[in-house]
Structure formats: structure tokens, C-alpha cells
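Down below is the structure, laid out as C-alpha cells.
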Amino acid sequence: MSFHAGFLLPSLLGLLATAPIATAQEKSPAPAAPAQTNPMIAFNKTAYTHLRGWVLRSAEKMPEADYKFKPTDAVRSFGQLIGHVADAQYMFCSVARGEKNPTPNVEQAKTSKADLVAALKDAAAYCDVAYDGMTDASAYQTVKMFQSDLPKLAVLYANDMHCAEHYGNIVTYLRLRDIVPPSTEERSQAQPKK
């Protein structure tokens, strides 16, 4: 470090440190916002919470009779799609938790609306433990998934992306049945009244 940098940096820091003292004498400082712990995982959890809620409310809104609905024969029925999302949540979150998948094959084993909604709620509760138990520090621990070593946070991001991908499908199924998707309802309710 040169003389100028070695001298100027501490001097500038000293000036900056004393600046708040002068203004503090004039008025009381506003309380500092609490530092957010684990901001990366907190952001990921927030995204997941929105997606999880939208998928679950969609499953609850769709009538039982439409759980067999397929827009075309080449795609899953609405019920199969809900089962698939539950299966994926168990898969991703069991890997992030370092556990064996406790409930595989929801899509194949469940067909009724009540059973699929219950399975989706259980999968979400299982994932909540994975998200809540992770810190930014533990997010970098690697786990095996798809024949690769991935950070745990990447596994949970993959879960978020998978939920988002299939929520997009779910919205189409709902719209084809003239049902307003939960994300649209939220946006409508948040709009100021004119």
C-alpha cells in the first residue's frame, strides 16, 4: 500500500465516522433497521412461500370434477399435475434435508381432490422444514442431485423454479375452466380502488 492510500483511507474513515456525531447532536437518530440474517435463504423462502400458496389455493379452487380435466391428451390431468408438484417438493426438499424421500409417487397413488390437496399440504410442510432450517452458511453445503454435487440452496432454487413452471400450467388449466388464478386475485385486491 502506498503512503497516500495508507494515510488517506484511515483519514476518510475517521471523517465519515465523526459526521453522524454532529447531526446526532441536532436531532435524535432514527432507530436502525435490524440486520436481516440469512438474506439469501430469506429471499428464496419468500419466493417459495408465494408459489406454494398459489399452487395450494389453485388445488383448493378447482372443483373435484375437474381434477380429471386435461386440455389435451398429451398432458397430465389437473389432479396428476398437483400430484407431480407434491412429488417434486418431496424430492427436492428431501435432498436439501439430507433425507430419504418420505412420500414418493403421490401422482400415481392419489386421485381424489381431498387426497391430493392433503398430499400437497404435507409436501409443503415438509419443505418448510428444509427452508426454515437452512442458513446462508449451510446453503453452500453440497448434496448429490441429478448426478451432480449441488449446493443445498441450488436444490431449493430448483424447487422454486419447478413450482413456478407448473404454476404457469395450473393457471392455464384454471383459465380454461373460467377460474381466476390466486396470483391474479392477489394482484386485483392489491390495486387501489378508483
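For the stretch 116-130, name all the residues that are crowded, with 23+ Cβ neighbours inside 10 Å and not aliphatic (A, V, I, L, M). Result: CYS127, single match. Screening VAL171, VAL180 for residues that are surrounded by 12 or more Cβ atoms within 10 Å (Cβ to Cβ), in contact with a helix residue (DSSP H, G or I) (Cβ under 8 Å, 6 or more places away or on another chain) and not in a helix (DSSP H, G or I) leaves exactly one candidate, VAL180. When each of ALA65, ALA86 is tested for being part of a helix (DSSP H, G or I), hydrophobic (A, V, I, L, M, F, W, C) and either under 12 Å from ILE170 (Cβ atoms) or touching a residue at least 12 places away in the same chain (Cβ under 8 Å) (or both), the lone residue that passes is ALA86.
The single condition among (1) of a type in the set (A, V, I, L, M); (2) touching a Phe, Trp or Tyr at 6+ places or on another chain (Cβ under 6 Å); (3) at pLDDT below 95 that VAL55 does not satisfy is (3). Checking the stretch 148-157 against the condition returns a match, with at least one residue being of a type in the set (Ser, Thr, Tyr), under 15 Å from the mean Cα position of the chain (by Cα) and closer than 16 Å to MET40 by Cα. Within the stretch 176-194, residues that are more than 20 Å from LYS70 (Cα to Cα) have Cβ atoms under 7 Å from residues that are loosely packed, with under 13 Cβ neighbours inside 10 Å and modelled with pLDDT under 95 in no pair, counting only partners at least 6 apart in sequence or on another chain.
Scanning the stretch 89-135 for residues that are touching a residue at least 60 places away in the same chain (Cβ under 8 Å), within 18 Å of HIS166 (Cβ to Cβ) and among the acidic types (Asp, Glu) yields a total of 0.
Looking across the stretch 89-111, just one residue is among the charged types (D, E, K, R), more than 30 Å from ASP136 (Cβ to Cβ) and in a helix (DSSP H, G or I), and that is GLU107.
The lone criterion from (1) touching a residue at least 12 places away in the same chain (Cβ under 8 Å); (2) surrounded by 15 or more Cβ atoms within 10 Å (Cβ to Cβ) left unmet by SER77 is number (1).
The values are calculated or read from the model by the stated rules, or taken from the named source; none is laboratory data. Here the structure is a predicted model, which is why all the values come from computation and not from measurement. Positions of Cβ are generated from backbone atoms using ideal geometry, with glycine treated the same way; all protein chains shown enter the neighbour counts.
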